[in-house]
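See below for the structure under consideration.
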Amino acid sequence: MRTQVCIIGGGPSGLLLSQLLDRAGIDTVVLERRSRDYVLSRIRAGVLESGTVGMLEKAGIATRAHAEGLPHTGTYLAVQNTGFRIDFDALIGKQVLVYGQTEVTRDLYDAREKAGGIVIHDLDGVELHDLDTDAPHVTYVKDGTTHRIDCDYVAGCDGSHGPSRQAIPKDVLTEFERVYPFGWLGVMADLPPVSHELIYANHPRGFALASMRSPTRSRYYIQAPVDDPLDKWTDDAFWDEFRRRLPHDSAEALITGPTIEKSIAPLRSYVADPMKWGRLFLVGDAAHIVPPTGAKGLNLAVSDVHYLFEALTSHYRDGDDHGIETYSQTALKRVWNAIRFSWWFTTTMHRFPGQESFDQAIQDSELRNLQTSVNAQTVFSENYVGMPY
Ligand SMILES: Cc1cc2nc3c(=O)[nH]c(=O)nc-3n(C[C@H](O)[C@H](O)[C@H](O)COP(=O)(O)OP(=O)(O)OC[C@H]3O[C@@H](n4cnc5c(N)ncnc54)[C@H](O)[C@@H]3O)c2cc1C
């Protein structure tokens with residue numbers, strides 16, 4: 001088989017890139033290791049930056065997001081059970097949209113199917129070849145047979161454990177990493193959210209976040225040791241701990257019940273540099289990971305897609321390779337800004353093991369500054385809603 005751009009990974013970044021390129025008349029094949037149902041069962045991100053929503057519109061898949069998504073014009077931060085609000089709309093005239101990654105992915109799969117796009121599922125053994133030549137190719141195994149795809153470019157959209165990043169020689173790649181000494185215990189529950197906007201809580205017992213996916217589905221998290229056995233966290237144990245960390249009025253309003261999903265996720269920041277090698281481009285989680293505190297993971301994947309889409313269309317339409325040559329530098333500039341914001345927000349909101357009184361006083365001071373300074377709230381809003389592309 002031959003295609004112009006071979007896309008490895010059928011998560012949000014691979015599908016969005018494929019959808020945009022297809023609409024621009026550029027041919028793609030998407031290789032996804034898992035089944036479509038498996039990909040759609042993964043519960044992940046849920047807060048879309050305004051730029052991400054713009055990209056969904058550009059890809060022609062924003063109708064359901066606009067109809068069913070929840071626009072949020074601000075967010076609450078809480079310190080020791082007392083909250084204050086940051087009003088994005090009043091400060092910078094922008095908002096975010098709460099719409100689950102699962103739904104974005106479903107909309108993308110439906111659109112690819114409608115357009116007759118090629119997405120090959122349930123495969124194994126993806127290998128990238130001759131990336132530093134003008135004629136790269138990708139091989140994979142399906143139903144015991146090895147297949148080959150010749151292409152002009154390879155887009156590595158295969159998440160943090162895929163083969164694309166590993167295809168870059170070790171002496172070319174620089175990796176930056178910070179592992180945080182705690183995880184997030186997250187639950188999903190078919191219960192009305194405790195607040196119509198998100199609540200980020202800094203509490204002596206640890207961080208908590210009240211989020212949501214819809215008016216009837218809540219997504220809640222608490223900071224917890226990453227190696228805690230999950231069976232220690234019965235539903236009752238979770239609700240008790242979550243309630244303790246919320247602002248008092250929210251704790252009183254919290255509706256509890258059975259959870260439908262429960263898991264503990266580790267937190268880390270990671271960046272691979274460069275994001276381009278030869279004819280390979282890394283996109284999304286294949287190149288970088290952020291702790292979920294700033295809600296940036298999916299949004300960063302989408303901004304990478306923006307830069308790569310612009311670069312590839314300039315190449316095919318105008319014969320202009322400037323975007324291709326500078327993809328890594330351009331994408332990394334925005335990535336590092338989100339890495340910085342997510343690191344800062346994580347550091348400010350969590351209890352660290354061995355945290356000393358000095359560290360605590362700095363956290364308190366950061367949050368006081370955020371509560372009282374319009375300038376600090378404006379900077380927070382710009383970063384939370386997402387920097388322009
Ligand atoms: C448990 C979890 C919770 C998260 N929660 C949040 C959150 O609350 N907020 C937030 O902003 N972000 C969150 N994120 C991050 C966000 O979900 C990711 O940033 C986003 O999924 C990145 O999209 P992607 O397409 O780059 O990668 P992925 O979504 O990881 O997609 C990569 C795809 O590549 C496929 N693949 C992997 N290896 C191969 C292979 N060898 N061959 C073919 N295909 C392959 C995978 O099956 C997958 O479908 C979370 C991530 C995880 C893992």
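Quick note on the stretch 271-389: its Rg to Rh ratio, both from C-alpha atoms and Rh being the Kirkwood radius, is 1.10. Taking Cα atoms only, the orientation of helix 322-349 departs from the longest principal axis of the chain by about 20 degrees.
Distance cut-off 21 Å, Cα to Cα: go down the list LYS94/LYS114; LYS276/LYS333; LYS94/LYS296; LYS232/LYS262; LYS58/LYS114 and report the pairs above it. Walk me through the numbers on the way to the answer.
On the way: LYS94/LYS114 32 Å; LYS276/LYS333 14 Å; LYS94/LYS296 16 Å; LYS232/LYS262 12 Å; LYS58/LYS114 16 Å.
Long pairs (Cα-Cα over 21 Å): LYS94/LYS114.
When nucleic acids and ligands are ignored and a 1.4 Å probe is applied, ILE92 ends up with an accessible area of around 50 Å².
Between the helical axis of 357-372 and the longest alpha-carbon principal axis of the chain there is an angle of about 80 degrees. Dimensions of the stretch 88-131 based on its C-alpha atoms, expressed as ranges along the principal axes with the largest first, amount to 50, 29, 17 Å.
Relative to the 2.2 N^0.38 Å rule of thumb, the stretch 149-305 has a C-alpha radius of gyration ratio of 1.26.
Each of SER342, SER263, SER357 has its accessible area taken with a 1.4 Å probe; listed largest first, they run SER357, SER263, SER342. Within the stretch 15-149, the percentage of alpha carbon pairs spaced more than 21 angstrom apart rounds to 57%.
Start at zero, step by 5 Å, and the Cα-Cα distances of the stretch 316-378 spread as 4, 14, 15, 16, 13, 10, 8, 7, 6, 5, 3, 1 percent across the bins. The residue list LEU31, PRO204, ASN375 was ranked by how far each Cα lies along the charge dipole of the chain toward its positive end, using unit charges on Cβ atoms, and PRO204 comes out on top. Dividing the convex hull volume of the alpha-carbon atoms in the stretch 108-241 by its residue count gives 222 Å³ per residue. Placing +1 on the Cβ of every Lys and Arg and -1 on the Cβ of every Asp and Glu, with nothing else charged, gives the stretch 64-204 a dipole about its Cα centre of roughly 540 debye.
Pairwise Cα distances in the stretch 189-273 exceed 21 Å for 29 percent of all pairs.
Regarding the chain, what's the average projected area of the Cα-atom convex hull, expressed in nm²? Spell out each step's value before the answer.
Working: hull surface 78.8 nm².
Projected over every direction and averaged, the Cα hull of the chain covers 19.7 nm².
When its C-alpha radius of gyration is set against 2.2 N^0.38 Å (N residues), the stretch 255-330 gives a value of 1.49.
Leaving ligands and nucleic acids out of the surface, order TYR221, TYR153 by accessible area at 1.4 Å, largest first.
I get TYR221, TYR153, largest accessible area first.
Find the centroid of the Cα atoms in the stretch 39-53 and in the stretch 131-209, then give the distance between the two in whole Å. That distance is 13 Å. With Cα atoms as the point set, the stretch 41-119 shows a radius of gyration and Dmax of 15.5, 53 Å.
May I ask for the angle, rounded to the nearest 10°, between helix 297-313 and the longest principal axis of the chain, with both axes built from Cα atoms and the value confined to 0 to 90°? Computed tilt is about 30 degrees. Remark: accessible surface ordering of ARG42, ARG351, ARG33 (largest first) is ARG33, ARG42, ARG351, probe radius 1.4 Å.
Over the chain, dividing the summed -39,500 (n - 2.57) contributions of all DSSP H runs of at least 4 residues by the number of residues returns a 222 nm mean residue ellipticity of -11500 deg cm²/dmol.
Where the eigenvalues come from the Cα gyration tensor of the stretch 72-168, what are the semi-axes √(5λ) of the equivalent ellipsoid, largest first, in whole Å? Numbers along the way, then the final one.
Details: eigenvalues 356, 63, 43 Å².
Equivalent ellipsoid of the stretch 72-168: 42, 18, 15 Å, largest first.
Would you list the P(r) distribution for the stretch 146-185, with all Cα-Cα distances sorted into 5 Å bins from 0 and each bin expressed as a whole %? Histogram of Cα-Cα distances, whole percents per bin: 5, 13, 16, 24, 15, 12, 6, 4, 4.
Taking θ as phi - 60° and the Karplus parameters 6.51, -1.76 and 1.60, the scalar couplings of the stretch 41-50 work out to 8, 7, 8, 9, 5, x, 10, 9, 5, 5 Hz in sequence order, x denoting glycine and proline.
Using the Cα gyration tensor of the stretch 191-232, with a ≥ b ≥ c the square roots of its eigenvalues, what is the shape: rounded (a/c below 1.5), prolate (a/b larger than b/c) or oblate (neither)?
oblate
The values are calculated or read from the model by the stated rules, or taken from the named source; none is laboratory data. Since the model is a prediction, treat every value here as computed from it, not as a measurement. Here the Cβ is made from the backbone with ideal geometry for all residues, glycine too, and neighbour counts use every protein chain on show. Side chains are part of the model used for accessible areas, which takes the heavy atoms of the whole protein and leaves out ligands, DNA and RNA. Shrake-Rupley method; radii C 1.70, N 1.55, O 1.52, S 1.80 Å.
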